[in-house]
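Notes follow once the structure below has been shown.
The values are calculated or read from the model by the stated rules, or taken from the named source; none is laboratory data. Every value quoted in this text rests on a predicted model; they were computed, and no experiment measured them. Ideal geometry is used to build each Cβ from the backbone, glycine not excepted, and the neighbour counts take in all protein chains shown. Accessible surface is based on the protein model in full, side chains and every heavy atom, while ligands, DNA and RNA are left aside. Shrake-Rupley method; radii C 1.70, N 1.55, O 1.52, S 1.80 Å.
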Number of protein chains: 2
Amino acid sequence: MSHSVQNNEERLDLIFQALANRTRRALLARLKRGPAMVTELAKPFGMSLNAVSKHLNVLERASLINRSIEGRVHTCTLIPATITTAEKWLGANRPARPNEVNALQKDLESVSED
Amino acid sequence: MSHSVQNNEERLDLIFQALANRTRRALLARLKRGPAMVTELAKPFGMSLNAVSKHLNVLERASLINRSIEGRVHTCTLIPATITTAEKWLGANRPARPNEVNALQKDLESVSED
DNA sequence: GTAATGCTCAACCGTTTGGTTGACAATGGA
DNA sequence: TCCATTGTCAACCAAACGGTTGAGCATTAC
């Protein structure tokens, strides 16, 4: 494919961009309940199958889902590890919460000990 | 402003879209270390101040940052709660991990108890 | 064999994005 | 007062987004 040559920033770009659309988030929410075929995924949305197919492409390029083809049925599966990648970035870039700050301050106090 | 009329999906759209750009993620990473003025934020990036100002607008509309004006200096501050909003969505839409599944299965077994 | 199903690809189209430049308003320092 | 600093706004531009329609290719059912 030669598409998979991505550094971490590129991966995060693709992941967050894929998440930045409510249809795609709804697709992921559905897939959390288990794998599903494309027409099944498309059913709840008031848009063409083609549009949903495009959204699935975006999710696939972001490695948020996998597709396995069996006959004419394409089954989509969530890739939880990619969601974890996004969670990790957020966790690393959210400042410590008050109680965490308190804990950190206690640590600092116990070190300086003046 | 009349801009702040947003339901949850709109808010998530704005948040994830704001996160879907490496310059903006770098800005947030910088702001995690504390508030900063606009020129200071712009310094590390090879682009015009105007471009950075636009990025800050995107972050502000997503409620990821705040701006306080004092004289001619606009100071930007991170809003951690909004990052938490994104984290919550991800946490709710990542399937349970194996150990969590085990815990859940144990719960179920202890209930049905046949 | 024919028809329906499942899905993708390609082309198109209006809107948004991410950058630029130029002008300008307001503040602060000389 | 004059000038540098700080930052925004507006207009412009190419590229990407998010949808559409139409065509077409496998696969399965009849």
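Write down the accessible area per residue of segment B:31-75 in Å², having rolled a 1.4 Å probe over the full set of protein chains. The partial results should precede the final answer.
Details: 2930 Å² over 45 residues.
Per residue, segment B:31-75 has an accessible area of 65 Å².
Can you list, shortest first and in nm, the gaps between the label point of residue B:45 and those of its counterparts in the other copies, using a point 7 Å from Cα in the C-beta direction?
2.9
Past the 25 Å Cα-Cα mark, which pairs from B:32/B:54; A:43/A:88; A:54/B:54?
Working: B:32/B:54 19 Å; A:43/A:88 32 Å; A:54/B:54 29 Å.
Over 25 Å apart, Cα to Cα: A:43/A:88; A:54/B:54.
Between chains B and A, what is the buried accessible area summed over both chains (1.4 Å probe, protein heavy atoms, nearest 100 Å²)? All intermediate terms of the calculation are to be shown ahead of the outcome.
Working: alone 8400 and 8390 Å², together 14140 Å².
Approximately 2600 Å² gets buried when B meets A.
I need the calculated FRET efficiency for the pair residue A:75 and residue A:29, taking r as the beta carbon distance and R₀ as 30 Å, to the nearest 0.05. Each step should come with its number before you reach the end.
On the way: r = 17 Å, r/R0 = 0.58.
With R0 = 30 Å, the Cβ-Cβ based efficiency is 0.95.
Kindly give the distances from residue A:26 to its copy-mates, label point to label point, with each label point 7 Å from Cα along Cα→Cβ, as nm values to one decimal ordered shortest first.
With the label placed 7 Å along Cα→Cβ, residue A:26 yields 3.6 nm.
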